[in-house]
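The structure appears right after this line, and notes come after that.
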Amino acid sequence: MPQDAFTLRYLCKELNSIFSGGKVNRIVQPSNDEVVLTVYTGKRTEKLFINVNPSAPRIGVVEKEEKGPLTAPNFCMLLRKHLLSAQINSIEIVGFDRIVKIEFSLSGEFFDNVKKIMYVELMGRYSNVILTENGKVLGGNRGINMFDDGVRPLIVGKDYMYPPVGQKREPVDNLLIEIFDNKKVGELPEILIKNVQGVALSTAQEIVSKYLTNSSVEVVDGKHFFDFLNNFLFNCQKRPCVLKNDNQILDVLLYPYSILKGEFIYFDTLFNAEEYYFSNKEKLKKYTNKKERLSAIVNTAIKKVKKRLTAITSKEKDALSAEDNRIKGELILSNIYKIKQGQKECVVFDYYSNQEVVIPLNENLSPSKNAENYYKKYNKQKRTLSALKPQKETAENELNYFNSLLDELSLAENIFELNLIENELVGGGLIKEQNSGKNKKEDLDLYRNYLIDGIRFKVGRNNIENDKLTFSSKPNDLWFHAKDYHSAHAILENNGKPVSDKTLNVCSEICAYYSKGRDGGKCEIVYTEKKNVKKPPRSKLGFVVYENYKSLMVKPDSHLSLLVGDNE
């Protein structure tokens with residue numbers, strides 16, 4: 001994203017207009033990388049948010065703050081000591097780099113006006129928050145911070161030094177004219193990135209694209225491009241927006257870049273656009289991380305069950321020779337008069353297969369004892385088969401259930417639905433419960449609720465809800481499920497009243513969307529009255545059998561416009 005000095009400069013102007021003259025009333029550090037300053041601006045209270053996480057460093061305004069730890073971190077205590085009750089004089093960008101300078105002043109009865117400066121360095125893995133007084137470092141969020149070349153120690157009590165910028169120059173530096181002069185237009189984006197401070201790649205490409213709309217040249221006039229560059233960077237007309245494509249928030253921009261394709265969502269202010277972008281990015285990160293973690297837990301359980309099934313199958317295969325051992329014992333007894341102790345084998349006629357067979361013998365045992373040994377093996381194998389049957393059924397049921405959990409995870413569309421599945425895993429013993437308190441919101445009847453032609457249509461979000469929804473419904477309500485796929489259970493609360501073909505089709509399309517079959521084109525959906533749906537004894541959550549059903553072949557469709565109530 002172009003979170004460069006070009007964008008940051010305009011953001012600082014917005015923040016300065018909000019917080020300049022405001023008084024710091026509260027300081028919280030929710031995490032190691034985050035700091036929130038609550039500031040009374042004279043009219044209202046605003047929250048200045050700073051995040052120096054290397055993956056998403058930023059500064060902006062938030063409405064709510066996350067709770068901080070019970071014991072405040074050392075850096076938070078340092079900020080409280082120096083900045084509580086301080087006034088914010090200004091918020092501005094330093095030069096044309098990704099550094100924000102926040103100036104504070106303190107005045108009181110027993111001391112003169114004291115100025116302190118907080119530097120917020122939004123520079124990827126080098127991001128940091130540093131508090132200074134009279135140019136000396138009071139402390140930093142990351143302590144001693146040295147760049148790769150090792151020339152910039154940040155030590156308490158020593159002079160604060162700006163991060164090294166290498167060979168890059170501010171865009172107002174006239175030496176750039178010579179660098180730009182007589183260069184090919186196609187080389188300009190790379191030249192900008194290497195030689196100009198605070199310009200991201202997408203911004204460099206946009207600058208060149210705009211330049212070419214006004215000047216169709218192949219070789220650059222250095223002075224002309226230098227003037228164009230500065231006019232672009234310092235006189236841009238703001239139109240803050242975020243870039244969206246295929247329901248994914250991709251970028252936040254000062255204005256809609258012509259080089260980018262997709263849907264632009266516009267905002268009144270840049271900080272609102274950034275808050276929208278970063279909050280969605282954070283939600284996506286939490287969603288992805290939780291989904292991967294839960295999937296790993298379920299996959300581990302599946303591996304264990306498959307290993308158990310393999311062992312059961314192996315024992316079962318060995319036990320399947322039980323009938324052979326019974327026949328061998330019977331044939332030995334039938335021919336016992338021919339067999340003498342000390343023989344290692346005997347050849348007898350098998351009247352079951354009408355051919356002679358060779359039966360191994362224990363030379364140390366009598367013929368009758370050899371027959372008895374075969375009968376013992378036979379009886380043991382029969383008992384083994386009898387014991388393995390319920391074990392195998394249990395393991396297969398567990399495997400089907402765990403596979404259904406994987407399907408649920410693949411269908412979950414937001415963090416709330418993942419939380420419901422996590423609760424199911426806690427209930428199933430796959431995850432250790434972290435606390436005894438329950439999330440009251442998750443205990444409520446919060447199915448996906450639709451209203452179709454005036455009739456309520458409910459769709460379960462996980463196996464727990466599927467069972468609860470199905471078996472709390474009226475006998476004559478219509479029950480929907482995908483045929484041959486794991487899917488949500490869905491109930492149309494028609495209570496036996498006639499339903500139009502259109503309603504049946506819409507219900508089936510919704511059910512298909514919340515099934516594993518939604519990625520395969522058309523999907524067959526079965527429906528029947530709820531009284532025809534039964535749950536076998538000791539069966540896993542979400543498992544049912546049904547009869548007297550009809551079916552429809554439909555194309556999956558979420559029909560989000562028909563959703564009602566709180567479904568997030």
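Just a few scattered comments:
- Cβ pairs under 6 Å, 6+ apart, first in the range 545-563 and under 10 Å from Cys523 (Cα atoms) and assigned to a loop (DSSP other than H, G, I, E, B), second of a type outside the set (A, V, I, L, M, F, W, C) and open to solvent by 100 Å² or more (accessible area, probe 1.4 Å): Lys555/Lys522
- Residue check for Phe49: open to solvent by less than 30 Å² (accessible area, probe 1.4 Å), among the aromatic types (Phe, Trp, Tyr) and under 18 Å from Ala273 (Cβ atoms): yes
- For the range 170-182, a residue qualifies if it is open to solvent by less than 70 Å² (accessible area, probe 1.4 Å) and outside any loop (DSSP other than H, G, I, E, B), and the qualifying residues are Leu176, Ile177, Ile179, Phe180.
- In the range 262-302, the qualifying residues are those that are of a type in the set (Gly, Ala, Ser) and touching a residue at least 60 places away in the same chain (Cβ under 8 Å), and the one that is surrounded by the most Cβ atoms within 10 Å (Cβ to Cβ) is Ala301.
- Residues located in the range 395-414, provided they are open to solvent by 70 Å² or more (accessible area, probe 1.4 Å) and either part of a helix (DSSP H, G or I) or touching a strand residue (DSSP E or B) at 6+ places or on another chain (Cβ under 9 Å) (or both): Glu396, Asn397, Asn400
- You will find that of Thr213, Thr203, the residue that is over 36 Å from the mean Cα position of the chain (by Cα), assigned to a helix (DSSP H, G or I), at pLDDT below 95 and among the polar types (S, T, N, Q) is Thr213 and no other.
- Filter result for Gly342 (out of contact with any Ser or Thr (no Cβ under 8 Å at 6 or more places or on another chain), modelled with pLDDT of 90 or more, small (Gly, Ala, Ser) and part of a loop (DSSP other than H, G, I, E, B)): yes
- The lone exception for Val100 - which of (1) more than 26 Å from Met161 (Cβ to Cβ); (2) open to solvent by less than 30 Å² (accessible area, probe 1.4 Å); (3) of a type outside the set (Gly, Ala, Ser) it fails: (1)
- Taken as a whole, the condition of being exposed (fewer than 15 other Cβ atoms within 10 Å of the Cβ), touching a strand residue (DSSP E or B) at 6+ places or on another chain (Cβ under 9 Å) and among the acidic types (Asp, Glu) does not apply to Glu323.
- Per this entry, Leu504 is not counted among residues that are of a type in the set (A, V, I, L, M), modelled with pLDDT of 90 or more and open to solvent by 50 Å² or more (accessible area, probe 1.4 Å).
- Whichever residue in the range 333-372 is open to solvent by 40 Å² or more (accessible area, probe 1.4 Å) and either of a type in the set (Asp, Glu) or touching a residue at least 60 places away in the same chain (Cβ under 8 Å) (or both) and, among such residues, is farthest from Ala322 (Cα to Cα): Glu363
- Applying the condition of being open to solvent by less than 60 Å² (accessible area, probe 1.4 Å) and of a type in the set (S, T, N, Q) to the range 466-501 and asking which residue is nearest to Lys535 (Cα to Cα) yields Thr470.
- Meets criteria (of a type in the set (Lys, Arg) and assigned to a loop (DSSP other than H, G, I, E, B)) for Arg518: no
- Val426 among the β-branched types (Val, Ile, Thr) and either closer than 24 Å to Ile302 by Cβ or open to solvent by 40 Å² or more (accessible area, probe 1.4 Å) (or both): yes
- Gly454 vs. criteria of a type in the set (Gly, Ala, Ser) and open to solvent by 20 Å² or more (accessible area, probe 1.4 Å): yes
- When the residues of the range 219-243 are filtered to those that are of a type outside the set (A, V, I, L, M, F, W, C) and under 20 Å from Ala5 (Cβ atoms), the one that is least open to solvent (accessible area, probe 1.4 Å) is Pro240.
- Residue check, Tyr549 at pLDDT 90 or above, closer than 26 Å to Lys497 by Cβ, open to solvent by 70 Å² or more (accessible area, probe 1.4 Å) and touching a Ser or Thr at 6+ places or on another chain (Cβ under 6 Å): yes
- Yes/no for Ile259 being open to solvent by 50 Å² or more (accessible area, probe 1.4 Å) and either in contact (Cβ under 8 Å) with a residue 12 or more places away in the chain or part of a helix (DSSP H, G or I) (or both): yes
- Within the range 214-255, tally of residues that are polar (S, T, N, Q) and over 29 Å from Leu176 (Cα atoms): 3
- Listed by first and then second residue, the pairs with beta-carbon distance under 6 Å, at least 6 apart or on different chains, first residue in the range 376-390 and under 12 Å from Asp324 (Cβ atoms), second surrounded by 15 or more Cβ atoms within 10 Å (Cβ to Cβ), are Lys377/Asn325; Tyr378/Ala322; Tyr378/Asn325; Tyr378/Arg326; Gln381/Ala319; Gln381/Ala322.
One line per residue, one yes/no per condition, for (1) surrounded by fewer than 19 Cβ atoms within 10 Å (Cβ to Cβ); (2) in contact with a Ser or Thr (Cβ under 9 Å, 6 or more places away or on another chain); (3) within 29 Å of Leu254 (Cα to Cα):
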residue: Leu15; (1), (2), (3): no, no, yes
residue: Gly22; (1), (2), (3): no, yes, yes
residue: Thr38; (1), (2), (3): yes, yes, yes
residue: Thr45; (1), (2), (3): yes, yes, yes
residue: Ser55; (1), (2), (3): yes, no, yes
residue: Ala72; (1), (2), (3): yes, no, no
residue: Cys76; (1), (2), (3): no, no, no
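- Some residue of the range 244-256 being open to solvent by less than 70 Å² (accessible area, probe 1.4 Å), assigned to a loop (DSSP other than H, G, I, E, B) and aromatic (Phe, Trp, Tyr): yes
The values are calculated or read from the model by the stated rules, or taken from the named source; none is laboratory data. Values in this document were obtained by computation on a predicted structure and should not be read as measured data. Don't worry about glycine lacking a Cβ; one is built from the backbone with ideal geometry, like all the others, and counts go over all protein chains shown. For accessibility, only protein heavy atoms count, side chains too; no ligands or nucleic acids. Shrake-Rupley method; radii C 1.70, N 1.55, O 1.52, S 1.80 Å.
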